Structure formats: C-alpha cells, structure tokens
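Here the structure comes first, spelled out in structure tokens, and everything after it is commentary.
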Amino acid sequence: MKRRRILTGLTLAISLLLAGCGGGQKSAVVEDKINITTSFYPLYDFAVKVGGAHVNVINLVPAGVEPHDWTPKGRDIKNIGDSQLFLYQGAGFEGWVDDFLKSLKDSKVKPVVASTGVELLKAGEEADGHDHGKDEHNHTEEAGKDTDPHAWLSPKNAKKMSENIKNALVEADPAHKSDYEANYSAYAAKLDALDKQYKDSLTGLPKKEIAVSHQAFAYLCHDYGLTQMAIMGLSPDAEPTAQDMKKMREYIGEHGIKYIFFEELVSDKLAKTLAKDANVETLVLNPLEGLTEEQVKQGKDYISVMEENLKNLTKALQ
C-alpha cells in the first residue's frame, strides 16, 4: 500500500511537471460554456444531464478503462486546470486526488465532492448492518478510510449527487439557474422512477443473496434488502485467497445461488472459473465505473445500464 502511494505521488508529480511545461498538451476548453472535468463516468453522465446545453464535460477516464487504479496524465491535469468545475466522487475512490488538490495553486477550478451529503456505508456494510466484505482488500485504506465509495449504485444517492452538481453549476453560472433547476428536476424524476422500478421488481422475489466478482454493490443491496458476497474486495484487481474462494463456494451452495455476476471492464476469468467449479452460470452486473466503447456507441447511460442490471438481478433472484 505504501509503495503504491509513493508511485502514485511520483506519477502525479511528473504529470504536473509536464503539464506546467506545456508537454504538447492542448486545452479542451469550449468558450461560452461552463467547462467541467469529471473523475469517472457516472459524474460525467450526471453533469451532462443536469448541465444540458450550457456545459462542456470531459470525462478523464477513457471508455473501456477501469478507474480504480487510473491516474491522470499531463493532458488530464491541464484539462482539470482549465475547467471551472472538477467533479470527483470522494470517499477514497480516487486514490490520486488528494495529491492533485494539494498541488492546485493559481488554478481557478473549483473542486466539487459529488458524494457530499450522502450517507456513506462502512466497507462491507449492507442491508442488515453486518460486515460481509473483505476489508483487507479495501483500496480506501490507502487514504486511511474505511468507507465504501460506490454510492452511485443507489438511485437515491445518484439523485443527491446530481443535486450537488446542480448546486455547483448554479453557483458557477447563476445566469442559467432556471435551466439547471429544470434539468435537475427532470432527471431527478427519472431517478425516482428508477428507484421505484427496483423496489417493485425486487421486493417480492424469493432470493435476496447475490454472488459478485467485485464488492461494489453494498448501496444497492442496502436500498433493496439484498446481501452481496464478493470474490474480490472493494478494488476489482484485489487477489482473492483460496479461503475467499472456498467461502464463496459455500455461500453459493448454502443460498442456492444460480448465477455469479461479473463486470465488463474487469477480466471475467475468476468468475467463470468459480461458476464452473460450483456448477452455476454467469451474468453481468455493471458497477457503472465506466462504459465500454461499444456501450458508448450504443448511447447507453447511467439509467439504461441500471435498468439492464435490474433485469439480470430479477433473473438471478428467482
């Protein structure tokens, strides 16, 4: 953990130096718009929906890239510095952000913690208040925290995060306050409808336990009375032990689980290996940390992917 902190700080320092020296980087600023940089996909989508025609939004993490261990390069640093708003999740999700914020001196960019006001869960905490996680894999330990940052997977939290973005936009661009308020109200109504879909679909199902590859779904489980068991911890690149795999097999057998969920941006090798060993099948449950290039081309967004997640959850919990 300590070695990774040192490497992250060194990488960031080099990137800042390159950005300060020019490094051939070009600004992505659009005149006459509020320029926003976001740390990962959900914040990008929320900002686009709330900001509408008045914003230019750049998402730092490219399509198809898992954001947990991503760090910014020179172009990214410049884009953040040229923006009016920099939106990031907080709660320990972006391991590089503290060093970056300390480096800000003359930049006029305003950092906005999107998860402000969200009731954060402890790592491994779910609907029943008990710890079902693997804290030894918790990537937030690097920041000295024990919170689960995956708050956006609750539509209720997505609504609060969108409200925070709306408030930041109103402060940065009061001339278009009425548009931001209207855009937010329309999007909040869609998130309320999504929340109702989840409640209506999941409440009466016989099963309540899910097996996942990555411990990302505690907020979703918390909202809808589910329990997750994960092969890996909060970070999807954590290496499970033989004991972890044994516990998962026992969990699958004990609860009659028929599907192990995996995600598109991380190798499905472990999930498929365990599924074969346990004689079950696999399904996708997307943690929405990013979209694939194909999903971007298809016009997928937070709500459409969450609706796909609901279909797969409904199938698995029958």
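The values are calculated or read from the model by the stated rules, or taken from the named source; none is laboratory data. Here the structure is a predicted model, which means the values were calculated and not measured. We place every Cβ from the backbone using ideal geometry, glycine too, and count neighbours over all the protein chains shown. Areas reflect the complete protein model, heavy atoms only, side chains present, ligands, DNA and RNA absent. Shrake-Rupley method; radii C 1.70, N 1.55, O 1.52, S 1.80 Å.
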Residue ID - farthest from Glu264 (Cα to Cα), chosen from residues in region 192-242 that are open to solvent by less than 40 Å² (accessible area, probe 1.4 Å) and of a type in the set (Val, Ile, Thr):
Thr227
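Give me a count of the residues in region 47-71 that are open to solvent by less than 20 Å² (accessible area, probe 1.4 Å) and touching a Leu at 6+ places or on another chain (Cβ under 8 Å).
Taking region 47-71 as the starting set, the residues that turn out to be open to solvent by less than 20 Å² (accessible area, probe 1.4 Å) are 47, 50-51, 55, 60-61, 67-68.
Still in the list and also touching a Leu at 6+ places or on another chain (Cβ under 8 Å): 47, 50-51, 55.
Residues in region 47-71 being open to solvent by less than 20 Å² (accessible area, probe 1.4 Å) and touching a Leu at 6+ places or on another chain (Cβ under 8 Å): 4 in total.
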Considering only region 260-279, state which residues are among the aliphatic types (A, V, I, L, M) and without any contact (Cβ under 8 Å) to a residue 40 or more places away in the chain.
Ala275, Ala278
Scope region 22-46; condition modelled with pLDDT under 95 and either closer than 16 Å to Gly90 by Cα or of a type in the set (S, T, N, Q) (or both); matching residues:
Gln25, Ser27
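So, of the residues in region 72-85 that are of a type in the set (S, T, N, Q) and either in a helix (DSSP H, G or I) or open to solvent by less than 30 Å² (accessible area, probe 1.4 Å) (or both), which turns out to be farthest from Glu289 (Cα to Cα)? Full working, then the answer.
Pass one, region 72-85, residues of a type in the set (S, T, N, Q): 79, 83-84.
From what is left, the residues that are either in a helix (DSSP H, G or I) or open to solvent by less than 30 Å² (accessible area, probe 1.4 Å) (or both) are 79, 83.
Details: Asn79: 20, Ser83: 22 Å.
The extreme case among them is Ser83.
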Which of the residues that make up region 86-102 are open to solvent by less than 40 Å² (accessible area, probe 1.4 Å) and outside any loop (DSSP other than H, G, I, E, B)?
Phe86, Leu87, Tyr88, Val97, Phe100
Write out, first by first residue and then by second, each pair whose Cβ atoms fall under 6 Å of each other, whose residues are 6+ apart or on separate chains, and whose first residue, in region 111-122, is open to solvent by 70 Å² or more (accessible area, probe 1.4 Å) while the second is part of a loop (DSSP other than H, G, I, E, B).
Lys122/Asp146
Inter-residue pairs, beta-carbon under 6 Å, first modelled with pLDDT of 95 or more and in region 288-302, second of a type in the set (Asp, Glu) and outside any loop (DSSP other than H, G, I, E, B), 6+ apart:
Asp301/Asp45; Tyr302/Asp45
Would region 274-289 turn up any residue that is under 20 Å from Ala238 (Cβ atoms) and touching a Pro at 6+ places or on another chain (Cβ under 6 Å)?
yes
Name every residue in region 80-96 that is on the phi < 0 side of the Ramachandran plot, touching a helix residue (DSSP H, G or I) at 6+ places or on another chain (Cβ under 9 Å) and not hydroxyl-bearing (Ser, Thr, Tyr), in order of residue number.
Ile80, Gly81, Gln84, Leu85, Phe86, Leu87, Gln89, Phe93, Glu94, Gly95, Trp96
